[in-house]
Ligand code: FAQ
């Protein structure tokens, strides 16, 4: 039997060789807990993220827009399920994760605590929020934990379609009547800074980044990804004639990127501690949906139990 030191050496060697860590491999407890925290929060974000968009399914402006939005919201639910399954391989049950969310112990992305006031906000979510999610998730496709990486590969394919869905809405509004263009601009004004917050606090205020980078869970830091997102998104806004709401935004040739005003980090910490515009509403909606789905879970569990018994007998 290998000693703890030998097992740790094997783990470190795998990371150094860019090999995946798989569920049955030995791993340090801190690595396991770090992943459970991050993957479960990611899963909760996908599922809570269905709420602001779900509110607009009945109000989509055309049958086509309704169908596309329905498909997108269903995709987000599916992403939550892949991610809960990936987290379960680390030895936590889905019930435990959901309990932690409902008790306010587990987080979900700050972005979903902001309201969707107009149809243009649905465009802004697809363009900016999914755009930011992809920026982060492309990196996570190469994360060190095998099941998380594989879930990300599938999720990224769907997210890039979501980003186009949002950009298409914004483009149509921006090229429409002056009132429609103003709606698109107002949505960009509302969602720009909350989107920049999605990448997490600045690196010097991010307690988890050092371990995440050491273990190759994250391959880029919060600030690096935020910078990449700004560099990618500003030309997209210009292309459709919208203005990023930042008077200090300026191309910096030396760093080959934009200088930009950071978000209000006090607002970020307030929102993730539960005091955002919609935190209470979102959690209440999730808890209600979970309670209303209890009979479905019970029926499915009873069916599985009966089916398993029959299999054992036959
Ligand atoms: N919101 O030390 P760090 C989506 C917390 S998916 C809330 O920097 P870390 C799809 C953080 O958890 C969007 N909390 O932490 C979609 C930590 O608290 P803890 C979700 C945040 O883990 C689109 C504390 O602050 N994506 O949108 C946030 O190294 C449209 C200190 O932070 C993911 O979850 C935040 N924005 O970096 C669905 C990607 N930022 O846990 C529907 C996976 C930080 O110690 C519609 N996650 N915190 O209590 C990650 O990449 C990372 O976990 C970060 C944070 C980057 C979110």
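Computed from the coordinates by the stated procedures, all read-outs in this text should not be read as laboratory data. Since this is a predicted model, take the numbers as computed values, not measurements. So basically every Cβ, Gly included, is an ideal-geometry build from the backbone, and we count neighbours across all protein chains shown.
The distance from the alpha carbon centre of region 1-32 to that of region 247-314 is 30 Å, rounded to a whole number.
For the pair residue 15 and residue 204, a Förster radius of 25 Å applied to the C-beta separation gives a FRET efficiency near 0.55, rounded to the nearest 0.05.
For the chain, the mean residue ellipticity at 222 nm estimated from helices alone is -21500 deg cm²/dmol, where every DSSP H run of n ≥ 4 contributes -39500 (n - 2.57) and the total is divided by all residues, rounded to the nearest 500. Counted over region 195-314 with a bin width of 10 Å, the fraction of Cα pairs per bin, in whole percents, is 10, 24, 23, 18, 13, 8, 3, 0.
Under 18 Å from a label point set 7 Å out along the Cα-to-Cβ vector of residue 243, the amide N atoms of region 183-221 belong to 183-193. For the pair residue 296 and residue 117, a Förster radius of 35 Å applied to the C-beta separation gives a FRET efficiency near 0.60, rounded to the nearest 0.05.
When the square roots of the Cα gyration tensor eigenvalues are ordered a ≥ b ≥ c, the ratio a/c for the chain is 1.5 or more and a/b does not exceed b/c, which makes its shape oblate. By the beta-carbon count within 10 Å of each Cβ, the least crowded to most crowded order of 215, 251, fewest first, is 251, 215. In this calculation the C-beta distance from residue 288 to residue 177 is compared with R0 = 41 Å, giving a FRET efficiency of 0.60.
When peptides 254-264, 88-98 are sorted by average Cβ neighbour count within 10 Å, with the highest value leading, the order is 88-98, 254-264. Note on region 65-137 and region 166-193: Cα centroid distance 23 Å, given to the nearest whole angstrom.
List the relative contact order of region 178-314 as a percent without decimals, with contacts defined as Cα pairs under 8 Å and 6+ residues apart. Computed over region 178-314, the figure is 20 percent. Select from 125, 57, 134 the residue whose mean-square fluctuation is largest in a Gaussian network model of the chain (Cα-Cα springs shorter than 10 Å). Between 125, 57, 134, it is 57 that shows the largest mean-square fluctuation.
Site pair residue 153 and residue 269 shows an inter-label distance of 4.1 nm when each label is modelled 7 Å from Cα along Cα→Cβ.
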